[in-house]
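Notes for the one structure printed next.
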Amino acid sequence: MIWQDGKLLSPGAILPGDRVHQGMRIWDPNHSKVAALCHIHDEPPVTGACILYLGAAAGSTVSFLSDYAEVVYAVEFSPRPVRNLIRVSRTRSNIIPLFEDARYPERYLPFVEPVDLLIQDIAQRDQADIAIRNLIFLKQGGHLILFLKLLSMGTEKKREDWIAEVAGSLENAGITDPEVISLDTYHTGHVAIWGMYSP
Amino acid sequence: MAENQDDRIFRFWYEACHQEDSEILAPASPSWAAVIENVRQSRDNSELLPFPVWQEAVSAGIVPDRKGYLSLLRDVTIGLMIRDLEDRCDTDEAALIHLIRILDEIDQSISRLSEKIEDYYIALHPAELSGNERNISSLIETLSKDQTHPLSHLAKNIQRLRESRTLISHNVREYAAKSLPNMSALCGPLVSARLLAIAGSKKHLACMPAASFQVLGAGPSLFMHLTSGTNPPKHGIIFQYKGVHHAKRQVRGRVSRVLACQLAIAARIDHFRGFPDEEFIRKAGEKINRAGKLE
């Protein structure tokens, strides 16, 4: 990935509203959790990869990923941001938008191929469960990055307990050594859980 | 040829783009809508096999290479998406949700602007602020008649905004009576429309427990209660119903609870039956009235 003057840059076509540095768009860690992960921890293996992104929303993060990746399958189920997602994917040939509920991967199985990287950013109570259901898309040795929004998990348990529970259930599902990375510097109340899939 | 197409069973999405005369379809071609419809049907009947392999699409002669495969797939999924969006859109419901949002926004704009005008006027005419004889609406009326005043144009616009507010509120009433007949009979069309706008759809509303109805729109205080144990909110949006905010303080919680229970039933009738149930409305109204009386 391209770094310059401490900024993460993205080589693709510039969209309206993007800030530009030396002719390339800035991938802002305050707006995108993937960029925040790159700033705080390490870069995920996105270059040339085949990515499944659950919870694509309006497609801003997806547009940055598509600059590096070979193809991004973007799943989103909310009708309002989907319109923007369509607009973004019309301008970029390697974004495949899917208007489906990530809880039911069987609905989009016929369109998606096995992927190297599964990124999930869904603020729902059953976030971990959704990720586990979508593991069928991951190749052996592929990476899972799960952005956990702790506010959506309910208030009956403490933060650490939720993280431990999710990490535990991911481990049972075949993710080896899920690593927990706090994104609090850029996104309050979010953590990333990153692991490799080897069932 | 179209008849043949309907009989075919597709195992992969790209087979639908391939026709007998070996012409490959693209979004510009006239039968593209039929292609999307075919893919959609096969998907909904779960006839499609998982994990398509792009090399097979190439060897079947449908796409030249991986790039072509991806761009065709993108065109198909965009088509599917738009088709699904159209399918999910309930025009009456969407109109109601967006009209009530517009209405609330207009209300807010009117009151903010009027307040600023009043501030301006009071600052320039401190002698005239005595007593209540000069309220905001009469002030705006006088300003709009005074052609030379710098704010007369704005005042006129506020009056016009009020007119459009009335028109929109008539529209909202109409739509609410049509799509939420039982709820509107219980708590008024505007309050029911606001409940619908927060819930997002009639289906969500029908699936909600009565307790959620009671606190719909009181999110911050509800979460304050859940996280730091303050008193729970008694009412959210339904406070705007006159039966709740005119009730005595002691019984307000009870009225809003009973109203929420009846609204939950009404929402289900609205969603699943879709027409007013006079018997239910009468009984529910009685229950709500009874809850509002002090023993």
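The values are calculated or read from the model by the stated rules, or taken from the named source; none is laboratory data. Keep in mind it's a predicted model, so treat the numbers as computed, not measured. For neighbour counting, all protein chains shown are included, and Cβ atoms are generated from backbone atoms with ideal geometry for every residue, glycine included.
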With criteria (1) assigned to a helix (DSSP H, G or I); (2) crowded, with 19+ Cβ neighbours inside 10 Å, A:Asp161 comes up short on (2)
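Take B:Gly217 and decide whether it is modelled with pLDDT under 90, small (Gly, Ala, Ser) and out of contact with any Cys (no Cβ under 6 Å at 6 or more places or on another chain). Can you show your working first?
Details: modelled with pLDDT under 90: yes; small (Gly, Ala, Ser): yes; out of contact with any Cys (no Cβ under 6 Å at 6 or more places or on another chain): yes.
Taking the combined requirement at face value, the residue satisfies it.
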The correct count of residues that are buried (at least 23 other Cβ atoms within 10 Å of the Cβ) and either in contact with a strand residue (DSSP E or B) (Cβ under 9 Å, 6 or more places away or on another chain) or small (Gly, Ala, Ser) (or both) in the range B:182-221 is 3
Any residue at all in the range A:149-163 that is under 24 Å from B:Ser228 (Cα atoms) and of a type in the set (Ser, Thr, Tyr)?
yes
A:Thr185 fails exactly one of (1) part of a loop (DSSP other than H, G, I, E, B); (2) within 22 Å of A:Val46 (Cα to Cα); (3) of a type in the set (S, T, N, Q), namely (2)
(Q) So for the range B:249-265 (the condition being at pLDDT 90 or above, more than 24 Å from B:Arg101 (Cβ to Cβ), surrounded by 15 or more Cβ atoms within 10 Å (Cβ to Cβ) and among the polar types (S, T, N, Q)), does at least one residue qualify? (A) yes
Pairing a residue in the range B:137-164 that is of a type in the set (S, T, N, Q) with any residue that is not in a helix (DSSP H, G or I), where Cβ atoms lie under 6 Å and the two sit 6 or more apart in sequence or on different chains, gives B:Ser152/B:Asp146
Okay, helices (runs of 4 or more DSSP H) sitting entirely in the range B:170-288 with 2 or more residues that are in contact with a helix residue (DSSP H, G or I) (Cβ under 6 Å, 6 or more places away or on another chain), I get B:181-187, B:189-199, B:202-206, B:210-215, B:242-245, B:249-272
When restricted to B:Ala155, B:Ala123, the only residue of a type in the set (Gly, Ala, Ser), surrounded by fewer than 15 Cβ atoms within 10 Å (Cβ to Cβ) and farther than 30 Å from B:Phe272 by Cβ is B:Ala123
All-but-one check, B:Thr230 against (1) under 20 Å from B:Lys287 (Cα atoms); (2) surrounded by fewer than 16 Cβ atoms within 10 Å (Cβ to Cβ); (3) not hydrophobic (A, V, I, L, M, F, W, C), failing number (1)
Over the range B:86-115, the set of residues modelled with pLDDT under 90, within 14 Å of chain A (Cβ to nearest Cβ) and surrounded by fewer than 16 Cβ atoms within 10 Å (Cβ to Cβ) is B:Glu86, B:Asp87, B:Arg88, B:Cys89, B:Asp90, B:Thr91, B:Ala94
Going through the range B:34-77 in order, the residues found to be at the interface with another protein chain (Cβ under 8 Å from one of its Cβ atoms), without any contact (Cβ under 8 Å) to a residue 24 or more places away in the chain, in contact with a helix residue (DSSP H, G or I) (Cβ under 9 Å, 6 or more places away or on another chain) and closer than 16 Å to A:Tyr73 by Cβ are B:Pro50, B:Phe51, B:Trp54, B:Leu70, B:Arg74, B:Thr77
Of the residues that make up the range B:226-234, is at least one under 24 Å from the mean Cα position of the chain (by Cα), more than 29 Å from A:Glu156 (Cα to Cα) and either away from every other protein chain (no Cβ under 14 Å) or not hydrophobic (A, V, I, L, M, F, W, C) (or both)? no
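Does the range A:98-109 contain any residue that is of a type in the set (Lys, Arg) and either farther than 17 Å from B:Asp84 by Cβ or within 15 Å of the chain's Cα centre (by Cα) (or both)?
Looking only at the range A:98-109, we keep the residues that are of a type in the set (Lys, Arg), and these are A:103, A:107.
Remaining after also requiring either farther than 17 Å from B:Asp84 by Cβ or within 15 Å of the chain's Cα centre (by Cα) (or both): none.
Looking for residues that are of a type in the set (Lys, Arg) and either farther than 17 Å from B:Asp84 by Cβ or within 15 Å of the chain's Cα centre (by Cα) (or both), one finds none in the range A:98-109, hence no.
Need at least 2 residues that are surrounded by fewer than 20 Cβ atoms within 10 Å (Cβ to Cβ), among the charged types (D, E, K, R) and more than 9 Å from chain B (Cβ to nearest Cβ) per element, so show me which helices (runs of 4 or more DSSP H) inside the range A:39-135 make the cut, counting only ones lying wholly within it. Let's see the steps before the verdict.
On the way: elements: A:60-68, A:79-91, A:127-133.
Hits in the range A:39-135: A:79-91, A:127-133.
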